[in-house]
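In what follows, a single structure is set out as structure tokens and then discussed.
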Amino acid sequence: MSDPEPRSATESRSATESRSATDPSSHEPRTDVSHTEAVDESHSVVSTNSVSGTDPRGDGSNGDGDRYTERLSVPWWWWLAAVVVTGVVGHEIQLSAHDSPWGLLGYLGAAIVCALVLVSLGHTRIRVTADGELHAGKARLPRSVIARGASVPASAKSAALGRQLDPAAFLIHHAWVKTMVLLVLDDPDDPTPYWLVSTRRPTELLSALGVADAAADNG
């Protein structure tokens, strides 16, 4: 003879499961975990972008608030010389092509080559960021390691690049820029004694760095 009590418990559990299946209000609310994680991940991306900012140039700065900026482009009259070179070279190519219509492409090719050469020569950019860091091309120099500085006039440029030049110095020199700045470093972790950088406006560059011009003081 079977025990009626287990049978009664079984029927009770069956009735309860039946009511749960037919009554949606009896279920606890279900959290969509995947949706929550997606929202949180999206929020973290937005937060990261808002803090770090964008870098459209790829040089580590968004370009806003620079104290000083300068591009060491070639003199304007070099472009006039490039026009003359383009005409001469293009004419020679056309003559070699025996006045063929394809010979006209020589002018186009010469113009493209001249433009690429001039742009590549003058692409170096000098700037001082809002926090006082010097960017010279791809190199960077924090303000904290600059001990003193001086402008180098055109009359002293040959000596600074000649017999007085330290082989361990960091140098950015463009022959068509007449003046430079000299920045002496005080960094025990860096064997570089100083930077020597071409600039058309040495006084403004030193002022942007917050460095007194030793050459002006001595003068």
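A few remarks follow.
- Per-region count, region 71-92, residues free of Cβ contacts under 8 Å to residues at least 24 places away in the same chain and crowded, with 17+ Cβ neighbours inside 10 Å: 2
- Matching entry among S120, S144 (being of a type in the set (G, A, S), under 18 Å from the mean Cα position of the chain (by Cα) and either exposed (fewer than 13 other Cβ atoms within 10 Å of the Cβ) or closer than 30 Å to G90 by Cα (or both)): S120
- Evaluated against (1) at pLDDT below 95; (2) more than 20 Å from W77 (Cα to Cα), I172 falls short on exactly one condition, (1).
- Criterion: in contact with a Ser or Thr (Cβ under 8 Å, 6 or more places away or on another chain) and either of a type outside the set (K, R) or at pLDDT below 95 (or both) - qualifying residue of A97, A130, A110: A110
- Meets criteria (of a type in the set (A, V, I, L, M, F, W, C), under 29 Å from R200 (Cα atoms) and within 21 Å of the chain's Cα centre (by Cα)) for I126: yes
- Test: residue in region 127-139 that is exposed (fewer than 15 other Cβ atoms within 10 Å of the Cβ), more than 26 Å from W76 (Cβ to Cβ) and in contact with a Pro (Cβ under 8 Å, 6 or more places away or on another chain): no
- In the set (1) closer than 30 Å to V83 by Cβ; (2) crowded, with 18+ Cβ neighbours inside 10 Å, the condition left unmet by W176 is number (2).
- Every test in (1) hydroxyl-bearing (S, T, Y); (2) crowded, with 18+ Cβ neighbours inside 10 Å; (3) assigned to a helix (DSSP H, G or I) is passed by S151 save one, and that test is (3).
- Residue match in region 197-219 (condition: of a type in the set (D, E, K, R), part of a helix (DSSP H, G or I) and surrounded by fewer than 18 Cβ atoms within 10 Å (Cβ to Cβ)): yes
- Cβ pairs under 6 Å, 6+ apart, first in region 188-211 and over 27 Å from P75 (Cβ atoms), second surrounded by 15 or more Cβ atoms within 10 Å (Cβ to Cβ) and among the aromatic types (F, W, Y): T192/F170
The values are calculated or read from the model by the stated rules, or taken from the named source; none is laboratory data. Since we're looking at a predicted model, the values are computed, not measured. Cβ: placed from backbone, ideal geometry, glycine included. Neighbour counts: every protein chain shown.
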